[in-house]
Amino acid sequence: MPNCQNCNYQWSWFDTFKIGFMNNKKCPNCQERQYIKPQANKRIYVFYIVPLIILLFSRPLFDWSTPVFLSIGFFFIFALTLIIPYTIKLSNEQEPLF
């Protein structure tokens, strides 16, 4: 889990999950605004995009039916949603993505 760059407070999984959608959030401990580092933001995109692309290209290869394909896709999305908060790093200031 990430730590606040101001007070070194370790964020909970739920708080980290919420900042992943909002890109910034106040620290639950010191109330200073924290931002996701751009490298972590890019990592989140890669974690979601790459498995979904692999899944799309593997469907014709394995000849999966639609229900099997959708259930595997939902499993990937669910698993990645659980893992993403562990990859987030925080910063005191907002930095450009590129």
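The values are calculated or read from the model by the stated rules, or taken from the named source; none is laboratory data. These figures come from a predicted structure and were not determined experimentally. For neighbour counting, all protein chains shown are included, and Cβ atoms are generated from backbone atoms with ideal geometry for every residue, glycine included. Heads up: the accessible areas ignore ligands, DNA and RNA and are worked out on the full protein's heavy atoms, side chains in. Shrake-Rupley method; radii C 1.70, N 1.55, O 1.52, S 1.80 Å.
Things to note:
- Residue list for segment 9-28, filter: polar (S, T, N, Q) and at pLDDT below 90: THR16, ASN23, ASN24
- All of PHE47, PHE76 fail the test of being within 19 Å of the chain's Cα centre (by Cα) and free of Cβ contacts under 8 Å to residues at least 40 places away in the same chain, apart from PHE76.
Yes or no, residue by residue, for (1) open to solvent by 30 Å² or more (accessible area, probe 1.4 Å); (2) polar (S, T, N, Q):
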residue	(1), (2)
LEU56	yes, no
ARG59	yes, no
THR66	yes, yes
PHE74	yes, no
ILE77	yes, no
LEU82	yes, no
PRO85	no, no
LEU90	no, no
GLU95	yes, no
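- Residues in segment 19-38 that are surrounded by 13 or more Cβ atoms within 10 Å (Cβ to Cβ) and in a helix (DSSP H, G or I): ILE19, GLY20, PRO38.
- Check on LEU52, modelled with pLDDT under 85 and either exposed (fewer than 15 other Cβ atoms within 10 Å of the Cβ) or touching a His at 6+ places or on another chain (Cβ under 7 Å) (or both): yes
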